[in-house]
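S.K.: This structure is in structure tokens; I'll ask about it shortly.
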């Protein structure tokens, strides 16, 4: 019964048209040209080299595609037990009509000829996508990629930022950045940030749906002060790769933090692939020199996850041993998403354990089940199919048999993590999410805050050279506070007796005998002269003087028949 349920679930999830959320495919040459493109994949060259094939036989200059295939095929028997060898056989069966279970000296040439004819077809890439039931694939684009000449709905751009974070000390990287942005780094952080922002404008304008980076095990992303970052930047610009390592580290952290801020501004997820230690085996074949490092811990990223709650962080860990920590972070942090089974953890036994742990502990809306990491389209299908078979077993055994779920409910969970979450977590870009906007009257006049414009800002706003509503940058250029906020809460608009008493001056102001209640009249009363008069003598007429109710000026009362009346101004 279990096998029947597993097969039924597999057939259902295999029918889901996929979007592969991470590949290294070249959109200008997405599929293979010969069998050498398949066997040249680093999995086969590094495994063959590990089994004893000399590196010189694999990477010999001027080696033809056919000869490379011949050499590799004759050295594949030691790796026939591996999952990677299984991918190769399934590709040959699905796309080239191969019926065997082993590629060797007796049959490789036939497969080579058949595959070459297929691959020469102009429609071959689309044929591979359709046969693989794949709608689109994410790319890995250098920061200076022009992103032209391909369909970005099928080949979705993704901004890869490793060079920006770790290789700015290299003059070639800075030259590339200046060439693609038109901005020459001048030593100011504002200048550097503007060049990075320009890259986000370029990528989102061409349909990019993610920013990504591969990170070494010792990298610790923390906020760096502007002063520290400026010092580091200037040292790097002056000395390049010879800059103080501490300055290079500070600059890397500053650039990385700025990228996270831009992801926040532009609404892009930030894919983090954590834990690769480069160049562990320098004598290895191309792309076969790097390994994982168990010293990595996600605790190094706690400040990042806490500081950017709105940024989605799909996390890949290089080793299965790190998966439990990733599961716990996905359990706690709303913005941490488990993402695929990367590189050395991408084998069936590790996937089965890691995927089951994620499905048991992480909300189903926060899991990206799998990505192929493929360099050629032909590899998308066998890799995903390996994962689907494992997933159908987990859904059957754990959820249907173990938890009593219906097949339909288990299939829906499979659909959620295989496709629905990709659409939700990596939506098509809709523009900048959080760019600062100038204040408006509606946003300023609130029940709790009073708007008091600074005169310097008013002069900026009324300047004929500026728009009626100045930008954030224009207001900042005035070097003045744009508003002053005072507490205008209900309590302060209607103060209590206790509040008023606390405001009373303990030494009241002496204003003299204003009510005339003292027994003795003051002999030092000062008489104010009117209209420039130099002296004043009391007479009967002056005793009739009365203050004008409007001006306070002393005047004689109007005589009978006089048109002026003091009551007319009241």
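The values are calculated or read from the model by the stated rules, or taken from the named source; none is laboratory data. On a predicted model such as this, the values are computed, not experimentally measured, just so you know. All Cβ positions, even for glycine, are placed from backbone atoms using ideal geometry, and neighbour counts span all protein chains on display.
S.K.: How about region 401-446: which helices (runs of 4 or more DSSP H) wholly inside it have at least 3 residues that are outside the structural domain of residue 315 (by TED's automatic domain parsing) and either modelled with pLDDT of 95 or more or surrounded by fewer than 11 Cβ atoms within 10 Å (Cβ to Cβ) (or both)? Let's see the steps before the verdict.
M.R.: Working: elements: 407-415, 421-425, 441-444.
Of the helices (runs of 4 or more DSSP H) lying wholly inside region 401-446, those with at least 3 residues that are outside the structural domain of residue 315 (by TED's automatic domain parsing) and either modelled with pLDDT of 95 or more or surrounded by fewer than 11 Cβ atoms within 10 Å (Cβ to Cβ) (or both) span 407-415, 421-425.
S.K.: Can you spot a residue in region 14-29 that is farther than 25 Å from residue 137 by Cα and in a helix (DSSP H, G or I)?
M.R.: Kept after step one, since they are farther than 25 Å from residue 137 by Cα, are these residues of region 14-29: none.
No, region 14-29 contains no residue that is farther than 25 Å from residue 137 by Cα and in a helix (DSSP H, G or I).
S.K.: Output the residues belonging to region 2-13 that are touching a residue at least 24 places away in the same chain (Cβ under 8 Å) and over 31 Å from the mean Cα position of the chain (by Cα).
M.R.: Of region 2-13, the ones touching a residue at least 24 places away in the same chain (Cβ under 8 Å) are 2, 5-10, 12-13.
Answer for region 2-13, where residues must be touching a residue at least 24 places away in the same chain (Cβ under 8 Å) and over 31 Å from the mean Cα position of the chain (by Cα): 2, 5, 6, 7, 8, 9, 10, 12.
S.K.: Identify, from the list 135, 146, 90, 109, the residue that is over 21 Å from residue 58 (Cβ atoms) and free of Cβ contacts under 8 Å to residues at least 60 places away in the same chain.
M.R.: The unique qualifying residue is 146.
S.K.: Inspect all residues belonging to region 295-317 and state whether any of them is in the same structural domain as residue 164 (by TED's automatic domain parsing), farther than 27 Å from residue 208 by Cα and touching a helix residue (DSSP H, G or I) at 6+ places or on another chain (Cβ under 8 Å).
M.R.: Yes, because at least one residue in region 295-317 is in the same structural domain as residue 164 (by TED's automatic domain parsing), farther than 27 Å from residue 208 by Cα and touching a helix residue (DSSP H, G or I) at 6+ places or on another chain (Cβ under 8 Å).
S.K.: Of everything in region 98-133, what is more than 12 Å from residue 378 (Cβ to Cβ), assigned to a loop (DSSP other than H, G, I, E, B) and touching a helix residue (DSSP H, G or I) at 6+ places or on another chain (Cβ under 8 Å)? Give them in sequence order.
M.R.: Result: 98, 99, 100, 101, 102, 103, 104, 105, 121, 133.
S.K.: Would you say residue 284 is crowded, with 16+ Cβ neighbours inside 10 Å and not in a helix (DSSP H, G or I)?
M.R.: yes
S.K.: So for region 318-338 (the condition being in a loop (DSSP other than H, G, I, E, B), in contact with a strand residue (DSSP E or B) (Cβ under 7 Å, 6 or more places away or on another chain) and under 30 Å from residue 204 (Cα atoms)), does at least one residue qualify?
M.R.: Yes, there is a match, as at least one residue in region 318-338 is in a loop (DSSP other than H, G, I, E, B), in contact with a strand residue (DSSP E or B) (Cβ under 7 Å, 6 or more places away or on another chain) and under 30 Å from residue 204 (Cα atoms).
S.K.: Something else now. Restricting to region 359-378, name every residue that is in a helix (DSSP H, G or I) and surrounded by fewer than 24 Cβ atoms within 10 Å (Cβ to Cβ).
M.R.: 359, 360, 361, 364, 365, 366
S.K.: Scanning for something over 18 Å from residue 360 (Cβ atoms) and surrounded by 23 or more Cβ atoms within 10 Å (Cβ to Cβ), does region 316-337 turn up at least one residue?
M.R.: yes
S.K.: For region 47-97, give me every one of the helices (runs of 4 or more DSSP H) that falls completely inside it and has 3 or more residues that are at pLDDT 95 or above and surrounded by 17 or more Cβ atoms within 10 Å (Cβ to Cβ).
M.R.: Of the helices (runs of 4 or more DSSP H) lying wholly inside region 47-97, those with at least 3 residues that are at pLDDT 95 or above and surrounded by 17 or more Cβ atoms within 10 Å (Cβ to Cβ) span 65-73, 83-96.
Yes/no per residue for (1) over 20 Å from residue 375 (Cα atoms); (2) in contact with a strand residue (DSSP E or B) (Cβ under 6 Å, 6 or more places away or on another chain):
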| position | (1), (2) |
| --- | --- |
| 25 | no, yes |
| 29 | no, no |
| 55 | yes, no |
| 58 | no, no |
| 65 | no, no |
| 69 | no, no |
| 74 | yes, no |
| 80 | yes, no |
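S.K.: Within region 321-331, does at least one residue satisfy the condition of being within 19 Å of residue 268 (Cβ to Cβ) and modelled with pLDDT of 95 or more?
M.R.: Taking every residue of region 321-331 in turn, none turns out to be within 19 Å of residue 268 (Cβ to Cβ) and modelled with pLDDT of 95 or more.
S.K.: Does residue 389 meet the test of being surrounded by 21 or more Cβ atoms within 10 Å (Cβ to Cβ), at pLDDT 95 or above and over 21 Å from the mean Cα position of the chain (by Cα)?
M.R.: No.
S.K.: Scan region 200-230 residue by residue and report those that are in contact with a helix residue (DSSP H, G or I) (Cβ under 7 Å, 6 or more places away or on another chain) and free of Cβ contacts under 8 Å to residues at least 60 places away in the same chain.
M.R.: Those that are in contact with a helix residue (DSSP H, G or I) (Cβ under 7 Å, 6 or more places away or on another chain) and free of Cβ contacts under 8 Å to residues at least 60 places away in the same chain: 224, 226, 228, 229, 230.
S.K.: Same structure again: Given (1) modelled with pLDDT of 95 or more; (2) part of a loop (DSSP other than H, G, I, E, B), identify the lone condition not met by residue 279.
M.R.: All conditions are met except number (1).
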